[in-house]
Amino acid sequence: MVSTKSQIKRSHLELLYHISRELSSRLDLRELIERILRLTSESLSAENGSLILIGDDGQVYDAALILNGALVPDAEAQLGPQLERGLAGWALRQRQMAVSQDTANDPRWQPAENSQPAESKSALSAPLIFADRVLGVLTLVHPQSSYFSEDQQQLLKTITEQAAVAVENARLLRESRRQTQNLRSLVEVAQVLSSTLDPDKLLQLLLAETVRLLHLEAASIALTDMEKQELVFQVAAGAAAAKMVGLRLKLGQGIAGWVAQTGQPIIVPEAHGDPRFYAQIDQQTGFYTRAVLCAPIKFEGYTIGVVEGLNPAPGTFDRNTLPLLTGIASLAGNALAHAQQFSFTETVKDRYAGLFEDSFDPIIITDLKGVITDVNHKAAIALGYTRAEMMGMPINAIHTLGLGPLSQKQFSELARGIEMAFESHVTTKDGRDIPVEAHAKRISTTDDEFIQWIERDISERLHMEEMREDLISMIFHDLRSPLGNVISSLTLLQSSTPKEDDVVQSVLGIAVRSSQHLSRLVDSLLDLRRLESGQAILHRADISISALILEAAEQVHPLAEGKGITLRFDLPLRLPSVSVDADMIRRVLINLMENAVKYMPGEGTITAAARVDGGNIVVSIADTGLGIPESERSRIFDKFTRLQRSGTVKGIGLGLAFCKLAIEAHQGRIWVDVAPVHGAVFNFTLPAKD
């Protein structure tokens with residue numbers, strides 16, 4: 001006869017074979033652990049049993065429990081304390097089987113709530129270990145003490161070894177399926193987010209997907225206000241959503257503020273036990289927060305907001321929850337940034353389109369080759385074309401050829417981005433020429449590159465300038481003859497008056513100087529017109545520049561003396577002569593010296609100097625007055641330009657313009673510098689005679 005021991009071994013082998021087949025056919029982790037527990041309990045005649053699975057963080061993520069032969073729902077919550085104080089926890093920590101033949105006298109035993117503490121039972125706890133990792137623990141309980149034999153203990157150990165392999169495979173499969181589902185969820189979110197470029201609608205869609213995928217009771221999205229260093233809640237869903245919108249948190253305040261500040265996602269299962277939790281939000285909204293999950297919304301490495309979920313449904317938290325939320329937030333960052341950029345671009349386009357159509361000036365748009373692609377309403381009216389007629393025309397069909405930057409070389413520079421402003425003419429459909437001031441500029445947008453031509457009609461301005469020039473010319477031509485008679489008469493009267501009569505001589509001297517000043521002004525205005533048109537005739541003669549400086553100073557001396565201003569000279573004994581129109585250069589010197597006197601606020605010094613610099617003579621008129629602001633130095637020689645200073649002498653802005661044209665007509669150069677201490681130094685050059 002076969003021995004009882006052999007029969008037991010054969011029974012155990014049959015059991016192991018049966019269990020092995022069962023385990024290999026189960027792929028669902030929940031179904032697997034329940035089947036393992038039931039088969040093992042039945043095989044070893046255990047009354048109660050549990051199988052607890054733990055993750056890498058040591059937390060229970062799944063469990064099965066049998067009491068009196070029946071599976072108990074929600075086993076995780078009931079079995080958690082056993083890992084802290086019970087026999088199962090000891091087996092896990094020691095990584096070996098725990099055997100208790102009398103649970104009543106075993107300090108490692110944690111009795112179940114529905115059993116009597118003094119009741120003696122037998123218990124076995126065996127860890128599930130795979131690849132040196134503890135995956136969980138299997139516990140069996142029999143109502144009799146000293147029930148489990150060594151063979152049964154060995155059998156349980158063998159079962160747990162097989163179960164560990166099956167559990168790991170099922171866990172990996174569950175993990176893979178959940179990751180696949182997460183990827184599908186993210187693809188769904190991406191598809192939803194790609195359906196709109198409206199930032200507000202995008203936030204609403206994002207929030208709805210977050211609530212749906214993570215089974216949340218409430219959720220919200222807050223964006224960062226970097227200027228105020230705050231989070232501003234833009235949209236919310238769930239209870240008290242209306243009260244959430246518009247609330248603000250300082251960066252670092254609350255769990256959402258901490259995520260925004262650190263850029264790290266987080267899950268807080270027990271919100272009120274976390275020191276970062278900001279309870280005032282609950283107080284303001286009347287919502288009770290149990291658990292929080294929050295992830296930063298980032299774009300190009302910067303945190304632009306956070307997405308926050310509250311109170312997930314029971315049993316929905318797992319290791320994939322936070323990666324899924326982080327993935328949603330990552331998609332949100334890119335989608336939101338692009339939507340905001342698109343919205344901004346559309347706003348700019350609308351604004352530009354409004355300015356384009358409402359502009360008072362004609363505007364023409366061409367491509368980089370000069371082909372017209374658009375015109376505003378004003379341009380079509382001014383040029384006499386319809387908009388459709390102008391499409392496709394070359395810009396040089398509008399601008400008069402040869403004027404402005406329309407040569408091939410200059411147009412290429414414009415196409416490269418060099419902004420140009422010039423005066424030209426545009427030709428209308430009926431052949432009329434309209435003088436314009438054109439501003440041409442290359443403009444680049446995200447969609448296109450083009451050249452914008454603003455054509456400002458200057459017909460009225462040119463007409464007014466012509467009238468002014470004609471009026472000035474007429475006035476001064478008519479003044480010249482009687483003014484000459486006045487000067488002659490005053491000179492004759494002065495010479496015939498007794499020298500001893502100081503009072504009369506003084507009065508006549510003032511009259512003569514004033515009339516001579518007026519005569520020089522008339523001559524300068526007439527010369528200015530000739531110089532501008534290139535018609536001036538220079539009466540050159542070889543002369544000493546020092547002599548011209550002294551003659552000019554003699555004319556200015558009475559005016560300077562009357563204001564207490566000292567004239568000084570720094571003239572070398574020997575200087576090369578210059579070939580110049582003596583009268584014109586003398587007037588230049590007088591203008592510069594008189595300006596220095598007129599704009600000197602009080603007593604001071606004017607120094608006239610000359611020196612040789614290479615082949616030129618450099619003449620300098622330096623004063624100790626207020627000086628010329630740097631912003632004005634480049635335009636002070638322009639016609640009709642005056643310094644805007646309160647309390648100073650007003651002029652018509654032609655004196656320095658005449659000086660510039662006169663010096664340039666002599667192949668010289670004129671400019672202004674800052675004086676070494678204070679004031680201004682006007683310099684000009686003239687070619688020296690060999």
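The table for this structure:
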item: Boolean, residue 623 is in the same structural domain as residue 662 (by TED's automatic domain parsing), under 58 Å from the mean Cα position of the chain (by Cα), surrounded by fewer than 18 Cβ atoms within 10 Å (Cβ to Cβ) and not polar (S, T, N, Q); result: no
item: Residue in region 145-155 that is touching a strand residue (DSSP E or B) at 6+ places or on another chain (Cβ under 8 Å), crowded, with 24+ Cβ neighbours inside 10 Å and touching a residue at least 24 places away in the same chain (Cβ under 8 Å) present; result: no
item: Residue satisfying all of: in region 54-78; of a type in the set (A, V, I, L, M, F, W, C) and surrounded by fewer than 22 Cβ atoms within 10 Å (Cβ to Cβ); nearest to residue 150 (Cα to Cα) among these; result: 67
item: Some residue of region 91-104 being farther than 20 Å from residue 147 by Cα, in the same structural domain as residue 149 (by TED's automatic domain parsing), modelled with pLDDT under 80 and surrounded by 12 or more Cβ atoms within 10 Å (Cβ to Cβ); result: no
item: Residue 41 of a type in the set (S, T, N, Q), part of a helix (DSSP H, G or I) and modelled with pLDDT under 65; result: no
item: Odd one out for residue 369 among (1) at pLDDT 75 or above; (2) in the same structural domain as residue 263 (by TED's automatic domain parsing); (3) of a type in the set (Lys, Arg); result: (2)
item: In region 569-595, residue surrounded by the most Cβ atoms within 10 Å (Cβ to Cβ) [restricted to those that are over 58 Å from the mean Cα position of the chain (by Cα) and over 20 Å from residue 666 (Cβ atoms)]; result: 569
item: Residue count for region 380-420, restricted to those that are surrounded by 14 or more Cβ atoms within 10 Å (Cβ to Cβ), in a loop (DSSP other than H, G, I, E, B) and at pLDDT below 75; result: 5
item: Cross-chain or 6+ apart pairs with Cβ under 7 Å, region 590-603 first and closer than 15 Å to residue 568 by Cβ, then of a type in the set (D, E, K, R) and not in a helix (DSSP H, G or I); result: 596/623; 597/563; 600/563; 600/623
item: Sole residue being modelled with pLDDT of 70 or more and of a type in the set (D, E, K, R), chosen from 529, 513, 480, 520; result: 513
item: Some residue of region 533-548 being of a type in the set (Asp, Glu), in a helix (DSSP H, G or I) and either exposed (fewer than 15 other Cβ atoms within 10 Å of the Cβ) or at pLDDT 90 or above (or both); result: no
item: Filtered residue count, region 421-431, keeping only those that are in a loop (DSSP other than H, G, I, E, B) and either without any contact (Cβ under 8 Å) to a residue 12 or more places away in the chain or within 14 Å of residue 396 (Cβ to Cβ) (or both); result: 1
item: Qualifying positions in region 242-260 - over 17 Å from residue 286 (Cβ atoms) and β-branched (Val, Ile, Thr); result: 255, 259
item: Every residue from region 643-676 that is modelled with pLDDT of 75 or more and aliphatic (A, V, I, L, M); result: 656, 657, 661, 662, 663, 665, 670, 672, 674, 675
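Residue-by-condition table, conditions (1) under 30 Å from residue 325 (Cβ atoms); (2) modelled with pLDDT of 85 or more; (3) over 45 Å from the mean Cα position of the chain (by Cα):
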{"residue": "143", "(1), (2), (3)": "no, yes, yes"}
{"residue": "150", "(1), (2), (3)": "no, yes, yes"}
{"residue": "163", "(1), (2), (3)": "no, no, yes"}
{"residue": "167", "(1), (2), (3)": "yes, no, yes"}
{"residue": "170", "(1), (2), (3)": "yes, no, yes"}
{"residue": "174", "(1), (2), (3)": "yes, no, no"}
{"residue": "178", "(1), (2), (3)": "yes, no, no"}
{"residue": "185", "(1), (2), (3)": "yes, no, no"}
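The values are calculated or read from the model by the stated rules, or taken from the named source; none is laboratory data. Note that the structure is a prediction, hence the values are computed from the model and not measured. Cβ sites come from the backbone with ideal geometry, for glycine too, and all protein chains shown count toward neighbours.
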